[in-house]
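What follows is one structure encoded as structure tokens, with my remarks underneath.
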Amino acid sequence: MDQPEVPPLQTAFLMRLQVVLAPAQVVGLTPNGERRIYSAMGGRFAGPGLAGEVLPGTVDWWLRRPDESAMLDVRVTLRTADQALIYVTYRGLQRIPLSVRERLTRGEIVDPVDYYFRTTPVFETGDDRYAWLNDVVAVGVGELTGDGVAYMIYHVL
């Protein structure tokens, strides 16, 4: 059976989102894995046509599974430079080899190509100026920074 040809996936840069995190609240080893809760102290975002700040109250419910992958469950509120609020939720996956985690624990800067860190942001706003974000499918490529995390977020066209 012939299948119609599907066009290749294309993306466009949407924004860089950088979040400064407070030290983790370590819940510890639970039946589901190692649980930590990270709260944002602030941050910034910028991209073509939008820029602003990450509001306090952002939370990441992080879970390292027994297979060593970590699952992310995040809620973020962004405020644009022109005062619009944008709610962002995303799930994600981190796969950081033990040798890389040890380097990070020692405070080393690690190239993001040495680990896998991806997210799937979903945007929600009631502000007409940014309503187009409500219909965006996005993928984020994460990076661990010295004081938190940063994501290069791409709109899937």
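Key figures
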read-out	value
FRET efficiency, 1/(1 + (r/R0)^6) with R0 25 Å, evaluated for residue 73 and residue 141 via beta carbons	0.85
Stretch gain in nm, segment residue 53-residue 104, where the contour uses 0.36 nm per residue and the Cα spacing is subtracted	15.7 nm
Which labelled figure in [x] 117; [y] 159; [z] 104 is volume of the Cα convex hull per residue in Å³, once derived from the coordinates	[y]
Region 1-81: equivalent-ellipsoid semi-axes (sqrt of 5 x gyration tensor eigenvalues, Cα, Å)	30, 25, 8
Theoretical ellipticity at 222 nm over the chain - DSSP helices of four or more residues, -39500 (n - 2.57) apiece, nearest 500	-1500 deg cm²/dmol
Added length on full extension, which subtracts the Cα-Cα distance from 0.36 nm per residue, residue 24 to residue 157	44.4 nm
Chain lengthening between residue 37 and residue 114 when straightened (0.36 nm per residue, less Cα-Cα)	25.3 nm
Likely footprinting exposure, 124, 143, fewest C-beta neighbours within 10 Å first	124, 143
Options 140, 6, 154, ranked by Cα towards positive dipole end of the chain, top entry (Cβ charges)	140
Shape of region 84-157, Cα gyration tensor, a/c cut at 1.5	prolate
Three-way shape call for region 4-49 based on the alpha-carbon gyration tensor, with the a/c threshold at 1.5	oblate
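Read-outs: derived from the displayed coordinates by stated rules, not from any lab. Keep in mind it's a predicted model, so treat the numbers as computed, not measured. Positions of Cβ are backbone-derived with ideal geometry, glycine not excepted, and every protein chain shown enters the neighbour counts.
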